Amino acid sequence: MKKSIVYEIMETKSSMYLSQFRLWLCFIITTLVSLSSSTRWYDDHISLKEIHAEETFHFPKNFLFGTASSAYQYEGAYLTDGKTLSNWDVFTNISGKIADGSHGKVAVDHYHRYPGDLDLMEDLGVNSYRLSLSWARILPKGRFGDVNMGGIDHYNRMINDILKTGIEPFVTLTHYDIPQELEYRYGSWLNPQIREDFEHYANICFRHFGDRVKFWSTFNEPNVQVILGYRTGTYPPSRCSKPFGNCSCGDSYIEPLVAAHNIILSHLAAVNLYRTKFQEQQRGQIGIVMNTIWFEPISDSLADRLAADRAQAFYLTWFLDPVVFGRYPREMREILGDDLPEFTKDDLKSSKNALDFIGINQYTSRYAKDCLHSVCEPGKGGSRAEGFVYANALKDGLRLGEPVGMEEMLMYATERYKNITLYVTENGFGENNTGVLLNDYQRVKFMSNYLDALKRAMRKGADVRGYFAWSLLDNFEWISGYTIRFGMYHVDFSTQERTPRLSASWYKNFIFQHRALSKDDWCLKQKEDTNFFLI
């Protein structure tokens, strides 16, 4: 009897010591994590004062931290498993179109190497991955041919592997690239037929992948696609007219409006399809991703303030207002008049609730100068097609403080679109290809400052639910080819070796520190676990 009591006392003491040890371990880990943020390279970008001021901020429990990519920039696998030519495959084959004469036939070979890239994401601690699908890989001839099951099988395997890694797929239907077949047949976005093709494509993707994909975006940056493809001609299909560019054909004043209208109607068709046939059962969300620039008036004059409003109308709300409100922005209607295509009653019916979220790609800001009531230099953006606004990155030789644009842009979208859900779907820093450069201090500073601005917007009420860094890897950067690097991992394009940069360590540390479960909550959880152990 006495012996059992002694054993019981010894067990109780052991449990108490173990409890104390676990609490001390929690304290030590918490302290080390805090100290890790005080290393020299981190202090350069976030002062201790700023860190203490933000200790009370916690991202929502379901907040998505991720990285972003696109099919053409990452996949490679040029004509693999039944894929046919995309518009970018054809465009990059034209001499002089890409800065270094390169192409995306191999890119970073993500098509074959994605399992290893998912390991890198898992190590970073991200819980979401934004990717796009290759339309030409799924429907090589659009609706004029069969579904390519080789492409379907590849994306099914990939989505399954993403989910097995504990990462949420955030999928874009098209990120600039379309089957070249549609360009050959009827001129792609200049022809209303494209709506039928896009809806057909969306239907196949929802049907094959929607049981696992809970976040869909229809288009990535259609404003960039339209402006560069049909006004300046620097993107495919390379259509433009003077003074915007020197293309073999095109009309820089009218064709961007036609292409944009068909993209908007294609978006509405896909959303309506998802709403009526898939969303209730699949329980996903659908939105659109826009490139955003914050336009700051270059002066406090009324003319320049109105110019900043026009700049947004001719860049961002050009696409979002029709989707949300069923009409083009007032500023566009006043300047362009009958040149703007009209929406029919049926179009307006399908535009109701045509967004669950807006994806915000935010990299930069510009000063806006009025050219409607003021004289601007020729060729500086002050045309009717651009809303009579000259947008410039400099004022008196100085740049606009870049991170300001993140906060302002998120608040602008929040106020204009009635507290709609927002995701920062791209944000990153590109550096010229001057070597390996693993200590990417500028990228760390950029990301740190922009994430601080994001948090300020969230404190003010912006419903931001995710942040995706562009990008995990160096990749094919459109007309810049491989001359600009955005990766948190350096890629040797000759060997495809991935090497982490300082920014990868920084982002990993940031995610760890800013998870919804705070350090104090985590320690409390350990204490509760210890008490449960003693019971």
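Annotations
- 9 Å beta-carbon shell around GLU431, net charge (K/R +1, D/E -1): +1
- Restraint check, LYS214/LYS277; LYS277/LYS352; LYS61/LYS455; LYS277/LYS349; LYS214/LYS460; LYS418/LYS460, Cα-Cα greater than 22 Å: LYS214/LYS460
- Relative intensity, log₁₀ I(q)/I(0), of the range 307-463 from a Debye sum that treats every alpha carbon as a point, q = 0.10, 0.13, 0.15, 0.20 Å⁻¹: -0.47, -0.76, -0.96, -1.30
- The chain, helix-only ellipticity at 222 nm - DSSP H runs n ≥ 4, -39,500 (n - 2.57), divided by all residues, nearest 500: -13500 deg cm²/dmol
- Ordering PHE446, VAL324, GLY142 by the projection of their Cα atoms onto the charge dipole of the chain, which places +1 on the Cβ of Lys and Arg and -1 on the Cβ of Asp and Glu, puts VAL324 at the extreme positive end.
- Dipole magnitude (debye, nearest 20) for the range 58-532, charges at Cβ of Lys, Arg, Asp, Glu: 680 debye
We did not get these values from a lab; they are worked out from the coordinates using the rules stated. Model, not experiment: these values are computed from the prediction. With ideal geometry, Cβ positions are generated from the backbone for all residues, glycine too; neighbour counts draw on all protein chains shown.
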